[in-house]
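K.L.:
Below is one structure. I have some questions about it.
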Amino acid sequence: MCAESSMREAYGKTLVELGRENKDIVVLDADLSQSTQTFMFAKEYPNRFFDCGIAEQNMMGIAAGLAASGKTAFASTFAVFASSRCFDQVRWSIAQPHRNVKIVATHAGITVGEDGASHQAIEDLSLMCALPGFTVICPADAIETAQAVRAAAADVGPYYIRLPRLKSAVLYGDDYQFVKDKAMMMREGKDATIIAIGLMVERALQAADELAKEDINVGVMNMHTVKPLDSKAVIKAARETGAIVTVEEHVRQGGLGSRVAQIVAEYAPVPMSIIAIADCYCSSGKPEELLELQGLTAANIIEKTRKLVQKKPKPRGASGWVF
Amino acid sequence: MLLMNEMQDKAKLIRRHIIKMIAEANSGHPGGSLSATDIITVLYFHVLHHDPKNPLWPDRDRFVLSKGHAAPALYAALAESGYFPIEELMTLRKTNSRMQGHCDVMTTPGIETSSGPLGQGLSFGIGCALAARLDGKKYYTYVLLGDGECDEGQVWEAAMAAAHFKLDNLIAIIDRNGIQLDGWTKDIMNSEPLDEKWRAFGWHVIVVDGHDIYKLEIAFDEAKMIKGKPVMIIANTVKGKGVSFMENKAEFHGKPPTKDQAEKALKELE
């Protein structure tokens, strides 16, 4: 896991391929095309690229109008703007009419780093998952990003794809097959299952490696599609391993942990540990240092998982678990 | 094509529908529906190329009601055009009705987009107009805004963008009735001079009497001749137009008439 992969670059390149294959693909940006990487598409297909300037609300409305007229509209800006700056426009011009708009938001989470709390989207999953009919995806590496973008283009309806600024480890090879709605089991285990998204997947895998040395065998699941959530996979993991840990670069409320907990509580109650950003805004700093402050590290995942496994109720013969 | 007196009769009929619908629902927005009636009548019975039997005809002109609270006026025009039975108008705002309180593209045939939260329609219209250009289609996109709606920042983002993209297939109309929910727009949030603002944003601006059907028709004819820039028709109107006791009254922005008031209004509209 030493090689790096850029999810944003994968997005930019995939857009160019999609543009070549389908003349109805259009792309919009709000004066951030160099950062979001939509400039690659702009260079190849200037007529189908619309830079809307620093006006995200207007961009979302234009994207909706293009989609209503038969286009598949990709709209990109930073996650902090895409989700909260224009939430009303996304809600009423895109979500409710179920428009074929794909919002690909970059620079999500605290790993934006030095720009500080103003630019760290930590509430976006909660906001976007609240919108009826939206599909929300948080890929974990470049290959997965490329395939998620392709899957979004092939489907009709609104998508939110969340990408970080940082590069990730290379997790998948060219043979990887992204299936929307279907969580990717990265590693099987019996003592607990760690469910992670985005940049946290590689950290969950590191944690699982370390825990194995202590004879704690945990599964790792990449829940790339946060909505609709693969509830079958969650229930199976809860029933088979008896404990669930979630890890996300997002506030505790309304993100991956909340969504997994809803399923676990209703269908397969087992002990859970939610590793996420505390209910607060963060600050400027180096990404790795900010992750450390919020406990979004392999070390913290190891500690929380170990404690959770110890807390697990012991099996009592054939009659099942004792709580 | 309707004759001038037939157009006037049609507008009066639409006003009657508006009063009946809102009175029956016992909720809704009569003031801004009545001020927009003549504009909407001219659009649906003179200007728009549309097919009520095929609401999604790809080459249709698009009409976007950005001031979505004037939905009753649009529903009445759609029903009179033949999109759905006129009787259905009386289900306005009722559970399971196709006549939602504000425009809903998912339920009402002939509606282009959902509206209600103000300021969103012009941006949507830009998207429709850009798509027409990409596809080499000849249709026009018309967007109706309120003058109070121009308080919304998004309207000016869209104003800048439409001129930047040189969208001469986009025609917007402002129903300038001078009143918003809390009172006169000049007192609540003065947006004047609207004509100079839109001109400064790069639009061709036409100012017209929004209740003079003939002049409205001429304005739309002129708008379609303009090349290289979008056109804004500022239609001077009277809030509550056609019902004496509703005219220029902010209280009838979002208040239904009582049964007696509705009867009185319908008598005036005979």
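Read-outs throughout are calculated quantities, based only on the coordinates presented, and are distinct from any laboratory measurement. Bear in mind the structure is a predicted one, so any value in this text is a computation, not a measurement. In this analysis, Cβ positions are derived from the backbone assuming ideal geometry, glycine residues included, and neighbour counts consider all displayed protein chains.
K.L.:
By a straight-distance test (C-alpha under 19 Å), which lysines pair with residue B:137 as possible cross-link partners, with residues fewer than eight away in the same chain excluded?
P.N.:
Once the sequence-local lysines are set aside, what remains near residue B:137 is A:23, A:71, B:166, B:224, B:227, B:229.
K.L.:
Nearest-5 percent of antiparallel DSSP beta bridges in the stretch A:4-169?
P.N.:
10 percent
K.L.:
Turning to a different aspect of this structure: Would you tell me the mean number of C-beta atoms belonging to other protein chains that fall within 10 Å of each C-beta in B:112-123, as a whole number?
P.N.:
Taking all residues of B:112-123 together, the mean is 6.
K.L.:
Considering only C-alpha atoms, what is the centroid distance from the stretch A:236-275 to the stretch B:123-177, in Å?
P.N.:
Their Cα centres are 46 Å away from one another.
K.L.:
Right, next: In square nanometres and to one decimal, what's the mean projected area of the convex hull around the Cα atoms of the stretch A:208-323?
P.N.:
Orientation-averaged projected area of the Cα hull: 8.2 nm².
K.L.:
Taking amide hydrogens as modeled 1.01 Å from N in the peptide plane, which residues meet the under 5 Å criterion relative to residue B:207, leaving out close sequence neighbours?
P.N.:
B:234
K.L.:
Continuing with this model, one more query. Using the Kirkwood formula over every pair of different C-alpha atoms, what hydrodynamic radius in Å results for the stretch B:4-268?
P.N.:
Answer for the stretch B:4-268: a Kirkwood hydrodynamic radius of 18.2 Å.
K.L.:
Helix-derived [θ] at 222 nm for chain A: sum -39500 (n - 2.57) over DSSP H runs of at least 4, divide by residue count, nearest 500?
P.N.:
That calculation yields -10500 deg cm²/dmol at 222 nm.
K.L.:
What's the exposure ranking of A:180, B:259, B:166, going from fewest to most Cβ atoms within 10 Å?
P.N.:
By the 10 Å Cβ count, ascending, the order reads B:259, B:166, A:180.
K.L.:
Can you sort B:106, B:160, A:60 by how many other beta carbons sit within 10 Å, fewest first?
P.N.:
Listed from fewest to most nearby Cβ atoms, that is B:106, B:160, A:60.
K.L.:
I've got another one for you. Around residue B:194, under 13 Å between beta carbons, what's the net of Lys plus Arg minus Asp minus Glu among the other residues?
P.N.:
Working: positive: B:176, B:186, B:197, B:199; negative: B:147, B:149, B:151, B:175, B:192, B:195, B:196.
That works out to -3.
K.L.:
Label the stretch B:171-215 by shape, choosing from rounded, prolate and oblate, from the square roots a ≥ b ≥ c of the eigenvalues of the Cα gyration tensor; if a/c is under 1.5 it is rounded, and otherwise prolate applies when a/b is larger than b/c, oblate when it is not.
P.N.:
In terms of gyration-tensor shape, oblate.
K.L.:
Work out the mean other chain Cβ neighbour count within 10 Å for the residues of A:92-99 and drop it here as an integer.
P.N.:
On the way: counts 9, 10, 2, 1, 6, 8, 2, 5.
Mean partner-chain Cβ count within 10 Å for A:92-99: 5.
K.L.:
Could you list which residues have their amide H under 5 Å from that of residue A:161, counting only those 5 or more apart in sequence or on another chain, with H placed in the peptide plane?
P.N.:
Long-range HN contacts for residue A:161: A:103, A:104, A:105, A:137.
K.L.:
Would you work out if the protein assembly as shown is rounded, prolate or oblate? Take a ≥ b ≥ c from the square roots of the eigenvalues of the alpha-carbon gyration tensor; rounded if a/c is under 1.5, else prolate when a/b is larger than b/c, oblate otherwise. Let's see the in-between values first.
P.N.:
On the way: a/c = 2.62, a/b = 1.99, b/c = 1.32.
Verdict is prolate for the protein assembly as shown.
K.L.:
Note down the net charge around residue B:28, summing +1 for each Lys or Arg and -1 for each Asp or Glu among other residues with Cβ under 12 Å from its Cβ.
P.N.:
Working: positive: B:20, B:93, B:94, B:255; negative: B:24.
Local charge sum for residue B:28: +3.
K.L.:
So, one more: Pull up all non-local amide H partners of residue B:255: gap of 5 or more, or a different chain, and H-to-H distance under 5 Å with H placed in the peptide plane.
P.N.:
Those lying under 5 Å, H to H, from residue B:255 are B:31.
K.L.:
Which three numbers, in whole Å and largest first, are the semi-axes of the equivalent ellipsoid of the stretch A:1-110 derived from its Cα gyration tensor as √(5λ)?
P.N.:
21, 18, 12
K.L.:
Continuing with the same structure: Can you give the calculated 222 nm mean residue ellipticity of chain B, where each DSSP H run of n ≥ 4 adds -39,500 (n - 2.57) and the sum is split over every residue, rounded to the nearest 500 deg cm²/dmol?
P.N.:
Mean residue ellipticity, 222 nm, calculated: -12500 deg cm²/dmol.
K.L.:
Which log10 I(q)/I(0) values does the stretch B:143-212 give at q = 0.21 Å⁻¹ under the Debye formula, counting every alpha carbon as one identical point scatterer?
P.N.:
-0.95
K.L.:
Cross-link partners among lysines for residue A:312, C-alpha distance below 16 Å, same-chain residues fewer than 8 apart left out?
P.N.:
Partners found: A:190, A:304.
K.L.:
Would you kindly calculate the translational diffusion coefficient of chain A, applying Stokes-Einstein with the Kirkwood radius from alpha carbon pairs, for 10 °C and a viscosity of 1.306 mPa s, and quote it in µm² s⁻¹ without decimals?
P.N.:
80 µm²/s
K.L.:
Further, regarding this structure: Per residue of the stretch B:261-270, in order, report the coupling 6.51 cos²θ - 1.76 cosθ + 1.60 (Karplus, θ = phi - 60°) as ³J(HN,Hα) in whole Hz, putting x for Gly and Pro.
P.N.:
4, 5, 4, 4, 4, 5, 5, 5, 9, 6
K.L.:
Now a separate question. Hey, any idea what Rg/Rh is for the stretch A:71-177, computing Rh the Kirkwood way over Cα pairs? Mind showing how you got there, number by number?
P.N.:
Working: Rg = 13.7 Å, Rh = 14.1 Å.
The Rg/Rh ratio comes out at 0.97.
K.L.:
Cut-off under 27 Å on the C-alpha distance; same-chain residues fewer than 8 positions from residue B:259 excluded. Which lysines are left, in chain and number order?
P.N.:
Within reach: B:10, B:12, B:20, B:67, B:94, B:239, B:241, B:249, B:267.
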